[in-house]
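Input: a single structure, listed below in structure tokens.
Computed from the coordinates by the stated procedures, all read-outs in this text should not be read as laboratory data. Nothing here was measured: the structure is a model prediction, and the numbers come from that model. Every residue, glycine among them, receives a Cβ derived from its backbone with ideal geometry; neighbour counts consider all protein chains shown.
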Amino acid sequence: MSVGEYMANITRPLSFPSIPDLPESPDFAPLPTPGLPVFPHGLRRGGITEIAGPRCSGRMAAILHILAQATARAEVCAVVDTNDQFHPASAYAARVNLASLVWVRCGKNAEHALRAADLLLHSGGFGVVVLDFCDVKPRVLDRIPISYCIVFGERSKIRLPFFWFVVRLPRPKPRLIRWS
Amino acid sequence: MYACLYLPGTPNGMPKQRLVALAREFSPEVEHTSADTVVFSITPLRAILGPPYQIASEISRRGYERDLNAHLAIAANADTAILLARQFAGVRLVASGEEASQLANLPLESLFAHDVPVDPTLLDILHQWGLKTCGDLAALPEAGVRERLGLAGVYLRNLALGHINRPLRIESQEAEYEEQLELEHPLDRLEPLFFLFGRALGDLCGRLRSQSQAARILDARLVLDGKPEYQCRLEFPVPLSDSRTMLKLLQLHLERHSPEARVMGFKLRIEPVVPRRMQNGLFLPPIPQPDKLQVTLARIAGLVGEGNVGTPQLLDTFRPDAFRLTTLNGSCFEQKPDDSRRQILRLSMRIFRPPVAAHVQVMDFVPRRIVAGDVKGRVVEWSGPWKTSGEWWSSHAWTREEWDVELDDGALYRIYRDVPASLWYVHGVYD
């Protein structure tokens, strides 16, 4: 199996025109996301879900909505904020339970963000781990090794009750592993 | 069987400690009933010392050796022993079933001087009824006492009959959780120090667990060669009892803040608390293990800085983007699921930190064009200005005019003009 096929199995890219639906009988109960019609069956556990789009396309609103759903179910969630752009007041307004949220501010350092996300996944027990790559420069994203994708995919599968969201701007140039 | 030692006329202080010390010679479980009274169980001693009169003899002998002029009473229950010891000098032995007859001559006041507080007005009522002794009260029918005096009256009657059986109220000894070591040769590297820490923390945690306690604070002090003492205080959001987790947290802290000189010795002290008990459920979502999560957050803090990881907490102010990061506390592990449905997506914001300085072209007091880094374009819609100001008394004072503007590329931004400096900034983007 090629790396591309492998990643295709563990990722659920979110592009609004066509959303790959969940299988009929998922292994674990998905996180219900009423209000997000792009996920009619909720979000799959134990996998990576990518939410991408241009500015003002509702990426953050979707993330906060999912975090609100998860924290309402008493799940502990984490946001790894590469560019330090998370707005706690918006999260509160979206009814995210801030007491159940771990926020990691990475100060525009993508490598720190990847390592922090890796540590959180390795720790286990989180309902949702958000890795926010919004506004990260494409040349920085291009330098992210492919091995991270495989490690994250494996970890999110092993630490079963996981969602993973990779959020970033779309990139015009296609690549083997779809970070966009 | 219970033995009660009563030392009359002793205020708080040394006599009580001598009483407790004498009691502990016979039983590890001693109830400190009051400053002058202790009770302990002698049932296990029957196999060693023989019948109760021999046990009483041995207690008296040890008391004489310690020069303690205490009263001793032995009875089938603790309360009868206490009442008799406080009333009669010397040694008093009560066989099982004879409690009522032994207590019968005691004045009613002795029941009200007992440890369980009873409404003192009941004593006046009993005196009005013509009752003087415990025997008088015990002779009354229980149903009638309950009707007239309630549960307090029934308790007094049972006390007078010697029918109250209760377990002893044992107070565990306050333990000190402290380990210290002076090294023969100073250590200039941390690895061998961690090895010694591991052994000391293993002993401390073993003692903690044996007392059903957990650590809330770990205080480490290092004696340095020619430098002031190095102190490190780790406060755990969730109490820990695992030595490896504590060692890892200490290791991460010392790697971030290394001592300035060679280590000549150390002292570790743990402040104990009652450990957190939590009942998980089959249908509750899994949560991170508290000890593992603390290590993970400490590792991440080492990566991104201590102030950059935690739980966001909004501040009670109108200041824009006012928050602080706090350490994750135990409450996040005790959240209850909230079944209310959240079906509405709300407009959310992404903040630029620090705000991006912008060149704004203004016409007719309205921003028309913005250039700020990668944010540039013609303003097609706007809303504002929204004037805010506050905290003029502090260094966080702000005065600004905020605008929500839509650019020709469809993006929606919040910009503001810093009024005192007359400068424009892009504060964030709606996303």
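Taking Cα atoms only, the orientation of helix B:52-65 departs from the longest principal axis of chain B by about 70 degrees. Per residue, chain B reaches -9500 deg cm²/dmol at 222 nm when only DSSP H runs of four or more residues are counted, each adding -39500 (n - 2.57). Excluding the site residues themselves, the longest part of chain B lacking any GluC sites (Glu not before Pro) in a DSSP loop with at most 16 other Cβ atoms within 10 Å is B:261-390. Principal-axis analysis of the Cα atoms of chain B puts helix B:290-304 at an angle of about 30° to the longest axis.
Exposure proxy ranking for B:Trp129, B:Trp403, based on other Cβ atoms within 10 angstrom of each Cβ and starting from the fewest, stands as B:Trp129, B:Trp403.
Of B:Lys248, B:Lys376, how do they rank once you tally other Cβ atoms within 10 Å and put the fewest first?
Numbers: B:Lys248 19, B:Lys376 14.
With the sparsest Cβ surroundings first, the list reads B:Lys376, B:Lys248.
Could you give the C-alpha radius of gyration of the protein assembly as shown expressed as a fraction of 2.2 N^0.38 Å, taking N as the number of residues it contains? Don't skip to the answer; put the middle values down first.
Values: Rg = 35.4 Å, N = 611, 2.2 N^0.38 = 25.2 Å.
Output field value: 1.40.
With a 10 Å cut-off around each Cβ of B:406-416, the average count of Cβ atoms from other chains is 2.
Averaged across A:105-114, how many Cβ atoms of other chains sit within 10 Å of each residue's Cβ atom? Don't jump to the answer; show the numbers that get you there.
On the way: counts 9, 6, 4, 1, 2, 0, 1, 5, 2, 0.
Partner Cβ neighbours, averaged per residue: 3.
Distances between placed amide hydrogens fall under 5 Å for A:Val102 paired with A:Cys77, A:Ala78, A:Val79, all partners being 5 or more residues away or on another chain. Listed values for segment B:247-258 are Karplus-derived 3J(HN,Hα) couplings in whole Hz (6.51 cos²θ - 1.76 cosθ + 1.60, θ = phi - 60°), namely 4, 5, 5, 5, 4, 4, 5, 5, 5, 7, 10, 6, and x replaces Gly and Pro. Just how far, in whole angstrom, is segment B:92-146 from segment B:223-237 if you go by their alpha carbon centroids? If you average the Cα positions of each part, the centres end up 60 Å apart. Counted over chain B with a bin width of 20 Å, the fraction of Cα pairs per bin, in whole percents, is 18, 26, 30, 17, 9, 0. Once the Cα atoms are used to define both axes, helix B:14-24 deviates from the longest principal axis of chain B by about 80 degrees.
Other residues with beta-carbon under 10 Å from the beta-carbon of B:Asn308 carry, at +1 per Lys or Arg and -1 per Asp or Glu, a net charge of -2.
Please rank A:Trp103, B:Trp386, fewest neighbouring Cβ atoms within 10 Å first, as an exposure proxy.
Starting with the residue having the fewest Cβ neighbours, the order is B:Trp386, A:Trp103.
FRET efficiency for the B:Arg221 to B:Arg244 pair, using the beta carbon distance and R₀ = 22 Å, is estimated at 0.55.
Across segment A:107-124, rounded Karplus estimates of 3J(HN,Hα) from the backbone phi angles (6.51 cos²θ - 1.76 cosθ + 1.60, θ = phi - 60°) give x, 6, 10, 5, 5, 4, 4, 5, 5, 5, 5, 4, 5, 5, 5, 5, 5, x Hz, Gly and Pro being marked x.
Amide H contacts under 5 Å for A:Thr33: A:Gly42, A:Leu43, restricted to partners 5 or more places along the chain or on a different chain, H placed in the peptide plane at 1.01 Å from N.
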